[in-house]
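Notes to accompany the following structure.
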Amino acid sequence: MEERYNPQKVEPKWQRYWEERKLYKTELKPSDKKFYCLEMFPYPSGKIHMGHVRNYAIGDVIARYKKMCGYNVLHPMGWDAFGLPAENAAIEHGVHPLEWTYDNIDYMKKQLNRMGLSYDWDREINTCSPEYYKWNQWFFIKMFERGLAYRKSSYVNWCPSCATVLANEQVIAERCWRCDSVVIQKELEQWFLKITDYAEELLQACDELKGWPEKVVTMQRNWIGKSTGVEVDFKIEGIEEKIRIFTTRQDTLFGATFMCIAPAHPLVGKLVSDKDGLERIRARYGRMDEKLGLFTGHYAVNPMNDEKIPIYVANFVLMEYGTGAIMSVPAHDQRDFDFAKKYGLPIRVVIVQDSGVQGFKDSSENTISHSVTTPLESSTPHEIKEAYEGEGILVNSGQFSGLRSDIARQKIAKFIEENGLGKIVVNYKLRDWGISRQRYWGTPIPVVYCDKCGIISVSEKDLPVILPDDVKFAGKGGSPLLESETFLNTECPKCGGRARRETDTMDTFVDSSWYFIAYCFGKGNINFNSELRTQNPELKYWMPVDQYIGGVEHAVLHLLYSRFFTRVMRDLGLLSVSEPFQNLLTQGMVIKDGAKMSKSKGNVVDPDYLIEKYGADTSRLFSLFASPPEKDLDWSDKGVEGAYRFLNRLWGVVYKNKFKVQSSKFIVHNISSLQPSALSLYRKTHQTIKKVTTDIEREYHFNTAIAGLMELMNEITSFEPGSDEDWATFRFTIETVLLLLSPFSPHITEELWEAIGNKPSIFEQKWPDWDEEAAKEEQIELVIQINGKLRSRLMISPGLSDDEIKKMALEEQKIKEIVGSKTIKKVIVVKGKLVNIVTSNE
RNA sequence: GCCGGAGUGGCGGAAUUGGUAGACGCAAGGGACUUAAAAUCCCUCGGGGCUCUGCUCCGUGCCGGUUCAAAUCCGGCCUCCGGCACCA
């Protein structure tokens, strides 16, 4: 190589070397401790963006670091290759999705390799290959057999622009997560996966996700949305049927003044005669902007007090949650309050704010004898401005009056159960996962419809159901599979008669719910041993993922589905773990000019351009240095140059001293024989090993680790070696810098490692250890404070006792002057840090 | 509205257990080298004041508190970002 740092020469050289030597190939070594490091795999959209660069740079540092620390590291990569953009490209440009996808994969794989990422490409997976999606179908069949996959008709989220269904998790503020169109409700027959069977377990296990950001765990908890309450049956006057409502506030039952049912409630047909009115409500079902009600003309009877209350159909009552019917307590629920005002319904106060001052001993004291008076109780309904939703004391509630609301909830729930009025229930916001998509570019759902036998799953031996590639892309609603006769027509696996295939494909989130398990097998070897029922040794060894890294946008969707799938696989006897991801790192966004980097904002930085201009090492280094991984990264072109300068300085200092370094050996028998400047450099080197190592171990704070390396570099450039021992120290420091920097900037360190006469690869070296003794300063600076204000400094040797330090501080000239005649009240000595002298005021 | 997170120089960010606020980098200013520029190297770099090689006061969103000592802990606000949002 040459005098000047030229990443365009250095980087391809080492990429070739790594590939030829298969340096990143991983094999199962039962005796070695393993580390599974995983970054979220990309969708092959065309090119990688800065978000990928950041994500993969973080993952690569961890993988390389752990490898140097002696772990057997699994670090794979693959492609989340099914999905809409490929199909849209087919419609717009006439390219087949398959071709489009594979071209993109080729290009992006080259880009990833140019970044110098340490992937074991022998384990690459691609979700659109039949050998992968075969197992999607296999899981589906297993779930179907166990009743975990089922078909039902329901109102679904429909994106008119994508012409397909969306899962609840894919609807963001009433808009499509992908194209931002307003989502409408449509009734369709759909396939669902019964994630709700695992709701309680998924919720409970949130407590065990110690290695996850609290934020993500909270989001999962909220998404599962558990609430405990009661279901209560209300009779309907003049009609046989009852209406069952769900409430978590049974303590307000006596305050119910009307009832609301969902437009899709089964009794609506019987109760409503105004069909036009009902249509108007239905048309606005699920819309947040306006709350509409239609009086049915019927009355329900409150089982607690036999009161007649009017029944309304309301657009805001969801059929999917609870029982599709609610009691309305306007005094204690703001939405009910607004509704009551709008339709002139009565408002009755049944909870008054507890003054909290008297008459209240403890929770075992259930009743209170004194009367409670608050403004709310004395109010007539006309005077109430808003609902009181808090806790309090019950009034106007028959035998329960006087109870505290939390106790009343228990008592009333018990009363309801004992009197056969209803039961205690637990509800979750989490719904079953609708996986049917009316699209071509996805995994065919392995089901056939037979006139005789009904819905039959494809038999295991006939898997995979291949997605046909001879289809036309019209671009007008509906899947192209509907027009493929060869695909549509098939035999019934049960009776052999004519049958029609399911044309819906699976949500692509199914693909990504278990890909991390697929990597364990390696390319072409996925096999779940369905017959043997034994656990695959690879799965047993590698799972769970030790460190998962990706964007926070998947905090619910992908991460929840993966936790669900892992449990299903566990229950199928395939896995022994329940949680797929031990530790999760959610990296921040890449920001430029105050906004997230995006094509629409026009503020993107192209990784290709960056690598051409500065090289991969600089790009990686900057994206790791600019901020800690979990925070947003503010992109700065000037900052990139700073990282480039640093690598240039390193290159320069090594090449300037190359021959001298090559001929030096670091064997220091006696540290005390070193000259002061060499000793100081030697000490700083050990301090830096300690700093970099602990910064990586502690929350992956790469930014401060790199800052530490820059500090050490500053010392190296000011060090002027003279003696052999100086040169030996210098060599030691250079080697250490290269080792410590290698996970961040792998090519340049590999090159310089070779240049100073070492054998490649640097990644076969052990991560350096520090010597605590050698890292210790001979003299430490103590700060002397008077009343907490810095007044002077003192150099001392570390071994001194508190009393000695105290004495020295008080004898210090300046301190003496300031203290003068004041009385010293107290002297505080903090080891290795400071002395604080507390004096009287004068 | 509810649940998270954050607020520190001109900027990105350090400060690990309450113990020297501003590490490291960027930008800026000054200087060296050069015919010149780039690159590189050296110096300065939170604000104010003073008797200016030094000293001193103020300073981590705001107001208060605890403490010998607070960016850090407590109470009350403000602002910004992210998520959820008719969930009965």
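The values are calculated or read from the model by the stated rules, or taken from the named source; none is laboratory data. Keep in mind that this is a model prediction, so the values were computed, not measured. Backbone-built Cβ (ideal geometry, glycine too); neighbour counts: all protein chains shown. All accessible areas refer to the heavy atoms of the entire protein, side chains included, with ligands and DNA or RNA removed. Shrake-Rupley method; radii C 1.70, N 1.55, O 1.52, S 1.80 Å.
Computed values, structure above
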read-out: Charge tally in the Cβ shell below 11 Å around A:Thr26, where Lys, Arg are +1 and Asp, Glu are -1, A:Thr26 excluded; value: +1
read-out: FRET E, pair A:Lys186, A:Asn419, Förster distance 35 Å, beta-carbon r, rounded to 0.05; value: 0.25
read-out: Listed residues A:Cys520, A:Cys69 arranged by accessible area, highest first, probe 1.4 Å; value: A:Cys69, A:Cys520
read-out: Percent antiparallel among DSSP beta bridges (both partners in the range A:493-637, rounded to 5); value: 20
read-out: Protein accessible area in chain A, 1.4 Å probe - carbon and sulfur %; value: 49
read-out: Length-normalised contact order of chain A in % [C-alpha pairs under 8 Å, at least 6 apart]; value: 14
read-out: The range A:678-792: relative contact order as a whole-number percent, Cα under 8 Å and 6+ apart; value: 30
read-out: Length added when fully stretched, A:Asp634-A:Lys759, from 0.36 nm per residue minus Cα-Cα; value: 41.2 nm
read-out: Order of exposure, largest accessible area first, which applies to A:His332, A:His298, A:His93, A:His49 with probe 1.4 Å; value: A:His93, A:His49, A:His298, A:His332
read-out: Derived scalar couplings ³J(HN,Hα) [the range A:596-612; Karplus, 6.51 cos²θ - 1.76 cosθ + 1.60; whole Hz; x for Gly, Pro]; value: 4, 4, 7, 4, 5, 7, x, 10, 7, 10, 7, x, 4, 4, 5, 5, 5
read-out: Ranking by accessible area, most exposed first, for A:Ser457, A:Ser723 with a 1.4 Å probe; value: A:Ser723, A:Ser457
read-out: Residue-level accessible surface for A:Trp138, protein heavy atoms, 1.4 Å, Å²; value: 10
read-out: Cross-link reach list, aspartates and glutamates versus A:Lys631, counting only Cα pairs under 20 Å and skipping chain neighbours closer than eight places; value: A:Glu39, A:Asp60, A:Glu214, A:Glu553, A:Asp593, A:Asp695, A:Glu697, A:Glu699
read-out: Residues of type lysines that A:Lys816 reaches as a straight line, Cα spacing below 28 Å, ignoring anything fewer than 8 places off in the same chain; value: A:Lys789, A:Lys806, A:Lys807, A:Lys825, A:Lys826, A:Lys831, A:Lys833
read-out: Under 14 Å from the Cα of A:Lys822 - aspartates and glutamates, other chains or at least 8 residues apart; value: A:Glu842
read-out: Sequence-separation-based contact order of the range A:742-828, relative, with Cα cut under 8 Å and 6+ spacing, percent; value: 15
read-out: Count of lysine pairs in the range A:407-522 with Cα separation under 26 Å (8 or more residues apart, or interchain); value: 7
read-out: Difference of contour (0.36 nm per residue) and Cα-Cα distance, A:Lys341 to A:Thr228; value: 37.8 nm
read-out: DSSP-defined beta bridges in chain A - what % are antiparallel, rounded to 5; value: 75
read-out: Heavy atoms of A:Glu699: accessible area, 1.4 Å probe, square angstrom to 10; value: 130
read-out: Local electrostatic count, A:Thr566, Cβ distance below 12 Å [Lys/Arg +1, Asp/Glu -1]; value: 0
read-out: Hz values of 3J(HN,Hα) by residue in the range A:55-70 - Karplus curve (6.51, -1.76, 1.60), Gly and Pro given as x; value: 4, 7, 5, 4, x, 5, 4, 5, 4, 5, 4, 5, 5, 5, 7, x
read-out: Summed side-chain charge close to A:Pro721 - residues other than A:Pro721 whose Cβ falls under 12 Å, Lys, Arg +1, Asp, Glu -1; value: -1
read-out: Accessible area (Å², per residue) of chain A, counting only protein heavy atoms and a probe of 1.4 Å; value: 45
read-out: Under-5 Å amide H pairs with A:Asp632, H placed in peptide plane, nonlocal only; value: A:Met589
read-out: Net lengthening on full extension, A:Leu482/A:Ala163 (0.36 nm per residue, minus Cα-Cα); value: 113.4 nm
read-out: Built amide H within the under 5 Å cut-off of A:Val447, gap 5+; value: A:Val458, A:Glu502
read-out: Tensor-based shape of chain A (alpha-carbon gyration tensor, a/c under 1.5 rounded, otherwise prolate or oblate); value: oblate
read-out: Degrees separating the helix A:676-697 axis from the principal Cα axis of chain A, which is the longest one; value: 10
read-out: Cα-based Lys pair tally, the range A:1-147, threshold under 12 Å, eight or more apart or on separate chains; value: 7
read-out: ³J(HN,Hα), Karplus 6.51/-1.76/1.60, whole Hz, each residue of the range A:224-241, x for Gly, Pro; value: 5, x, 7, 9, 9, x, 10, 9, 10, 8, 10, 6, 10, 5, x, 10, 5, 5
read-out: A:Ser118 long-range amide H proximity, modeled H, under 5 Å; value: none
